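Colleague: Here it is: the structure, laid out below.
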Amino acid sequence: MEDLKCVDTKQASEILGISHNTLNTWRSQSTKQKPKGPKWVMIETAIRYRVSDLDKYLQERTRGDK
């Protein structure tokens, strides 16, 4: 169940080290054909980010020696 833990936009922005406005912009510009930013979930009217998706997003963008 830990992989289903969700955070709100403010918490996600802190985890990623970016502005919450950036996440809002990425979501508004994202399409199925051209996704932008990490995956997100809409629960009723609330936007949430799975912590596991944020981790995956960061890992996919990690550069340098592995």
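Colleague: Criterion first (farther than 12 Å from T9 by Cα, touching a residue at least 40 places away in the same chain (Cβ under 8 Å) and within 9 Å of the chain's Cα centre (by Cα)) does Y49 satisfy it?
Modeller: Here the answer is no, as Y49 does not meet what is asked.
Colleague: Which of the residues that make up segment 1-44 are over 19 Å from D55 (Cβ atoms) and within 11 Å of the chain's Cα centre (by Cα)?
Modeller: Matches in segment 1-44: N24 only.
Colleague: Same structure, new question: Report those helices (runs of 4 or more DSSP H) wholly inside the chain carrying at least 3 residues which are touching a Phe, Trp or Tyr at 6+ places or on another chain (Cβ under 8 Å) and surrounded by 15 or more Cβ atoms within 10 Å (Cβ to Cβ).
Modeller: By residue number, 9-16.
No value in this document is a laboratory result; all are computed from the given coordinates. Because the structure is predicted, anything quoted here is derived from the model rather than measured. Note: ideal-geometry Cβ built from the backbone for every residue, glycine included; neighbour counts use all protein chains shown.
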